[in-house]
Every structure is written in C-alpha cells, then in structure tokens.
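The structure appears right after this line, and notes come after that.
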Amino acid sequence: MNSFLSDALPLDENLVENICFIKDSNFNEYSILEQKLIPLKKTKIGWENGVFWFKVVLKNSDSIKRIVFNTNESSIDFVEIYANSKLLSSTKNSVGLTNLSFEIENKTGKEYYLKVNFPYQVNFPLTATSASSYYTHIKFLSLLKTGAYYGFALMVLIINLFFYFSLEDKIFLFYSLFLVATNFGISHYDGVFNSWLTSDALFFTNTVSHFLIPLTGGLFAFNFLNLSNYMPKSKYFGSILLLATSICYVGHLVFLNYKFFIAGDILALLTLMYYWILGIFVIKRNDFAIFFVVGYSLVLIAAFLFVIPMDIGISGFSLPLKHVKFGALFEMLILTYAITFRVKKMHEENESNRNAIQEYIHKLNELEEQVTSSSNSENKSFEVKINEIVRDYKLTEREVDVLLRLYKGYTNKNIAAELFISLNTVKYHTGNIYQKLNIENKNEVISLFV
C-alpha cells in the first residue's frame, strides 16, 4: 500500500492497493486503457489544476457487494467512475457530508478508473471501504468530529455576541466576524456546503471566504491590539496587503485562473502574519497582546503548512485540515479566556473609575462647602463694613445705593440707568459721598472695604 493511504483509514479497512494517474488529454473510457499512468506516491500532485484520470486497484474486495470511494478533498468538481469501460457513477456527492463520497455496486472486484476534475488544488487522498463499514464507523465519526468542532465554534460566537450587546464593546463584534469568516473558509475545505450549493456557487463562496479571513482578521487585530494608538501608520501597509489580496481573488473570479487564487492565499496569510508580528511588538504596552500572539501562533503556522502545500501541490512539510482545526480550537480557547480576562479587566477599570469619580465628587463637595463658608464670611464682613460706614458717616439710603455701585465699578451712566435717576442726580450724590467720606475718587471707595 502507498504510504499516504495509511493515514486515511486503518490498514484492514482501506481496500485500495495502489493508484496511478495521468493528466487528461481528451481521453475517453476506451483510450485511457492504452495510456501509461504514473504511480501516485503522495496525495498532492501539483498546482496545475484540471481533469485527471486515476486507475484504482483494490484488494480483498471480491466478496464485497457495495463499495464506497471516499476522499477528504471537498473542492473536487466531479468524479466519474468507470469499470470495464462502462460508466458506473457520475454524481458529485451522493453519501458524504464533509467528504466527497461515492457508493457503487462492486461488479469487477478489482480495477476502477476515475475521471476527476480539480478546479483548485490537485489533492486526491482516496480511500475505499465497504458500504457497511462506511456507514457504521467512518461516516458516524466524521459527523461526530465535525459537529463537535462547529458546535464549539458556535458557542464561542454566541459568547462574543452576548458580550458585544451587553457591554457595547466593538472588539467582541470584530472577533465574532473573524470567527464566522474563519470557519466559513474551513467549512469549504470540509465540504459542509457540498450538498447545498452548486459548483458555481461554491466556486464563488470559496473565493470570497478566503478574502474575508484576512479582512476581518486585520480589522479585529488592529482594534484588539489598539494599534491606532501604538502604531497608527501600520494600517497603511495592512491596507496595501488587503488591496493586493482582493485584486488576486477578483482576478481568479474573472479570469478563472488558479494562479490568481494561489497568489491571493499567499497574500492573505502574509496579511495575517503581519498583524501577528505587530502583536509581538506591542506586547509590553498592551496587556491583551500576549493572548493574541499565543492564540494565533498554532493556527497561523498550521494554515501556512496546510494552505500553501495544498495550493501548489507539494507533500513535504504539509499538514492536514485536522491540524488547522486543532489550531483554530486552541485559538478559540485562548481568546475565550482573553475575553473573560478583558471583561474582568474592564470591570476592575470601571470599579476603579467609579471610586475615583466618587472621591472626586467628595472633594468637590468639600471644596464647595469651603467656598460657601468663605463666601458667607466675606458677605458677613462686607455687611458689617457697610453698616459701620452708614453709621459713622450718616449716609442717606440713596447715598448707600450709589456707594455700593461705585464699589462695584459702575460708571455714573450705569448707576443712573439702574437706579432710574438722572445723571446730574448721580453726580450730586457722588459729591456728597466724597465729601462725607473725605475721599477724592472711586479707587478710594474700594479701599474703604479692604
């Protein structure tokens, strides 16, 4: 058995003995029998997508009535299965949910030819098993693992949305968007939407999902790390990376050229790495940056070692999708803890601010009491002084009115207007005041009260 097959199924369940392949050159079910095929040693063939033929030789399958061919590569557009130059199946996805699977009646018991179209990466991790074994064990475990992963992701999403609506902190909303985008992208590798969407729809949504990941990831990182304060100019280079990424993905949609898609994936991962590196730089200034850096370390490394080898078709230094999911789970756990830590920190800051405000209000009240007390004292001493002047210099009531306004700095015209008397009357009373108090100008009036 080829080495790449041992990871897909236990040795006693996988019926595949060996696989050979060749890129299609308008072969049909008859001419393919005359071609010299290449032994498939690794699941990843290369970055040049298109239609390939595979010759699959089974072992110990003579007694098995129904066989399920299964591949953990959901981006395959179609598969046609031939035996003895007769078409047995050409459906896209008949029994699988997260895998591309085909159930056929085993008539030949030995050799099958599969014609497969790869619109994206050329990756063909094919296994074959009996239908009874597939439905009893393999499909159940696949559904269980998939349900557990997306169930946990949904729980984390609900927690973040709860904090967003209760605390009105946009950080939780940005992470929720990033969480949705990330798992939307993973779900396309998982094949979750294969049973619901057409090939054309999957082609579009898969491309869009790959762009949404760096877009929402950059938005979340910029706000979570508070880069607008620490590194405000960092947004310019991040915007350039996102713009270049979007151009590549649009080029893929318009020109249907897979090279654009590969370039877009590389730029998307570089965008995420750019913000991860920025997180390292602000660790000393941002208490939450350490969570960001640690949380994204595993999933970022796993994404690089999964997406790039998958896109260009190399098997060395590559990781399967399950490692990306593990990294994503680790990131969600770390950031879920960071969320609770952030909420606790916010609560402590609010409590500290509340205490500071209460202390400030207390000091204001004390100051107000002091000012009020001082003002009352000043008013009392001023009243005493007025009474003394009136008694000692025998001022009339009108002269007191004029004296008080002279003390306040009123002009003769203002005094006349306020007391409803003529300007000459004001001058008359002012002259009497100067004479009685033995003063010569308004400045001396002020000095009487000091």
Search the structure for amide H atoms under 5 Å from the amide H of Ser89, placed 1.01 Å from N in the peptide plane, and list their residues when 5 or more places away or on another chain.
Ile81
Suppose all protein chains stay in the model; what accessible area per residue would a 1.4 Å probe give for segment 269-326, in Å²?
47 Å²
Output the pairs from Lys41/Lys325; Lys145/Lys345; Lys86/Lys145; Lys115/Lys325; Lys115/Lys259 with a Cα-Cα distance over 28 Å in this structure; if there are none, say none.
Lys145/Lys345; Lys86/Lys145; Lys115/Lys325
Please list, in chain and number order, the residues 5+ apart from Leu100 or on another chain whose amide H is under 5 Å from its amide H, with Hs placed from the backbone.
Thr71, Glu73
Once whole DSSP H runs in the chain are found, which of them have Cα atoms spread over 24 Å or more along the helix axis and a mean Kyte-Doolittle score of at least 1.6?
289-312
Given the options Lys65, Lys436, Lys345, which has the most mean-square fluctuation in a GNM of the chain, springs set between C-alpha atoms less than 10 angstrom apart?
Lys436
In the chain the accessible area split gives carbon plus sulfur, as whole percent at 1.4 Å, a share of 60 percent
Show log10 I(q)/I(0) for the chain at q = 0.07, 0.12, 0.13, 0.14 Å⁻¹, two decimals, from a solvent-free Debye sum over equal Cα scatterers.
-0.53, -1.02, -1.13, -1.25
Which of Ser318, Ser297, Ser85 ends up with the largest GNM mean-square fluctuation for the chain, with Cα atoms connected below 10 Å?
Ser85
Between Phe152 and Lys408, what FRET efficiency follows from the Cβ-Cβ distance if R0 is 45 Å, with the result rounded to 0.05?
0.05
If you count only protein heavy atoms with a 1.4 Å probe, what accessible area per residue comes out for segment 216-262, rounded to a whole Å²?
52 Å²
Excluding residues on the same chain fewer than 8 positions from Lys442, give the lysines whose Cα lies under 22 Å from its Cα.
Lys385, Lys394, Lys408, Lys413, Lys427
With a 10 Å cut-off between alpha carbons and a GNM built on the chain, which of Ser130, Ser31, Ser89 moves the most?
Ser31
Radius 13 Å from Cβ of Asn286, net charge of other residues (Lys, Arg +1; Asp, Glu -1):
+3
Provide the gained length on full extension for the span Lys145 to Lys427, in nm with one decimal, where the gain is 0.36 nm per separating residue minus the Cα-Cα distance.
91.4 nm
So how do 394-406, 117-129 stack up, highest first, on mean other-Cβ count within 10 Å?
117-129, 394-406
For the chain, what does the helix formula give at 222 nm: sum of -39500 (n - 2.57) over DSSP H segments with n ≥ 4, over the residue count, nearest 500 deg cm²/dmol?
-20500 deg cm²/dmol
How much length would be gained if the chain were fully extended between Gln435 and Glu418, taking 0.36 nm per residue of separation minus their Cα-Cα distance, in nm to one decimal?
3.8 nm
Using r as the Cβ-Cβ distance of Glu111 and Ile308, and R0 as 35 Å, what FRET efficiency do you calculate, to the nearest 0.05?
0.50
Local electrostatic count at Tyr337 - Lys and Arg +1, Asp and Glu -1, tallied over other residues with Cβ under 15 Å:
+1
Quick check: residue separation of Met346 and Glu397 times 0.36 nm, minus the Cα distance between them. What number comes out in nm?
11.9 nm
Accessible area of Val192, 1.4 Å probe, to the nearest 10 Å²?
30 Å²
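The values are calculated or read from the model by the stated rules, or taken from the named source; none is laboratory data. This is a predicted model, so every value here is computed, not measured. Cβ atoms come from the backbone with ideal geometry, glycine included; neighbour counts cover every protein chain shown. The area values use the complete protein model at the heavy-atom level, side chains included, leaving out ligands, DNA and RNA. Shrake-Rupley method; radii C 1.70, N 1.55, O 1.52, S 1.80 Å.
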